[in-house]
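Next up is a structure, given as structure tokens.
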Amino acid sequence: MNKTFNAKRFGRLFIKHSTEHYKSYGLSLFALIGVMLLGGGFLVYLVRARLNINDQWVLFTMILLLAGTIFTSVIFADLGDKKKAIPWLLLPASHFEKFLVAWIYSFVVFIIIYTLSFYLVALFVLNIEPLEGSSPEMFNIFSNQALQIYMVYAFLHGVAIYGAIYFEKLHFIKTAFVFFISLGILILMNKMMLDTMLGRNVEAAPPFGSLRFTEKGQVNEIMLSINQNGISIDYLVAVLAVFFWVAAYFRLKEKQV
């Protein structure tokens, strides 16, 4: 029998995880839907107008990234409790199978359920009260924009799942703190490098973003074309997501009873 992955063993582990957590996952889903309903309904009532497509994208992205990373950060919560960690680690399944179950639930299953839930809630909110104006328009979840958002979530999911394994307590808070500190350092280092290369003070220089500096009282901005910039970021995000997933798996393998 393959020690790394066995379909029958993995199936049993997946069913075991599902039966043990379906109540908590279900309650979390109802809570999320409730927040979306209340928030969306209140926003429509406040502005007295239907949410346009741009607003829908903003809400979809913000809730996805926040709710998804919070959910992912507690997917390995049992490892922070020695009483629960020992039986979890002693389960007759490989670390890869255990990691794969958590990955599927926090990434694949979460994206599918969240997208369907948000779409249904948005459809309900847009038609909850007749408003003047054109008929309601819904955003397209199969567009390239949706794919890019999912790729960003993949990257943040990788960071969150690594933090969920690395830290024993306060996973989300500690992971977010390290992430934003690291991001700030990266932006600072990028600016210092560009200052040295160009021999002038660069005002804005986020990685893979626009470069802006002032010369003779005139603001100059240099940026990649939209296509080049989009392709560069897409590849970078995909590579980083896979990197953190692999790093998280090997971090999990280091866990001992």
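The values are calculated or read from the model by the stated rules, or taken from the named source; none is laboratory data. Note that the structure is a prediction, hence the values are computed from the model and not measured. Cβ: placed from backbone, ideal geometry, glycine included. Neighbour counts: every protein chain shown.
This table checks each residue for (1) part of a loop (DSSP other than H, G, I, E, B); (2) within 14 Å of the chain's Cα centre (by Cα); (3) acidic (Asp, Glu).
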| position | (1), (2), (3) |
| --- | --- |
| 98 | no, no, no |
| 101 | no, no, no |
| 109 | no, yes, no |
| 120 | no, no, no |
| 123 | no, no, no |
| 137 | yes, no, yes |
| 141 | yes, no, no |
| 150 | no, yes, no |
| 158 | no, yes, no |
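Would it be correct to say that residue 77 is in contact (Cβ under 8 Å) with a residue 40 or more places away in the chain, in contact with a helix residue (DSSP H, G or I) (Cβ under 9 Å, 6 or more places away or on another chain) and within 30 Å of residue 9 (Cβ to Cβ)? Full working, then the answer.
Values: in contact (Cβ under 8 Å) with a residue 40 or more places away in the chain: yes; in contact with a helix residue (DSSP H, G or I) (Cβ under 9 Å, 6 or more places away or on another chain): yes; within 30 Å of residue 9 (Cβ to Cβ): yes.
So residue 77 passes the test.
Being loosely packed, with under 13 Cβ neighbours inside 10 Å and among the basic types (Lys, Arg) is the filter; apply it to the stretch 1-32 and report the residue that is nearest to residue 69 (Cα to Cα).
23
While we're on this one: Quick one: residue 63 ticks every box in (1) of a type in the set (A, V, I, L, M, F, W, C); (2) over 18 Å from residue 41 (Cα atoms); (3) surrounded by fewer than 20 Cβ atoms within 10 Å (Cβ to Cβ); (4) modelled with pLDDT of 90 or more except a single one, so which number is it?
Here residue 63 meets the rest and fails (2).
Let me ask something else about it. May I ask you to list the residues in the stretch 217-257 that are among the acidic types (Asp, Glu), exposed (fewer than 11 other Cβ atoms within 10 Å of the Cβ) and either at pLDDT 90 or above or not in a loop (DSSP other than H, G, I, E, B) (or both)?
Once the filter is applied, which keeps residues that are among the acidic types (Asp, Glu), exposed (fewer than 11 other Cβ atoms within 10 Å of the Cβ) and either at pLDDT 90 or above or not in a loop (DSSP other than H, G, I, E, B) (or both), the stretch 217-257 yields only 221.
A quick yes/no check of all residues on (1) in contact with a Gly (Cβ under 8 Å, 6 or more places away or on another chain); (2) part of a helix (DSSP H, G or I); (3) at pLDDT 85 or above; (4) of a type outside the set (Ser, Thr, Tyr):
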residue	(1), (2), (3), (4)
146	no, yes, yes, yes
162	no, yes, yes, no
183	no, yes, yes, yes
207	no, no, no, yes
213	no, no, no, yes
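Follow-up. Please name all residue pairs, on different chains or six or more residues apart, with Cβ atoms under 7 Å, provided the first residue is in the stretch 1-27 and is under 9 Å from residue 93 (Cα atoms) and touching a residue at least 12 places away in the same chain (Cβ under 8 Å) and the second residue is of a type in the set (Gly, Ala, Ser) and surrounded by 10 or more Cβ atoms within 10 Å (Cβ to Cβ).
3/94; 4/94; 5/94; 9/93; 13/93
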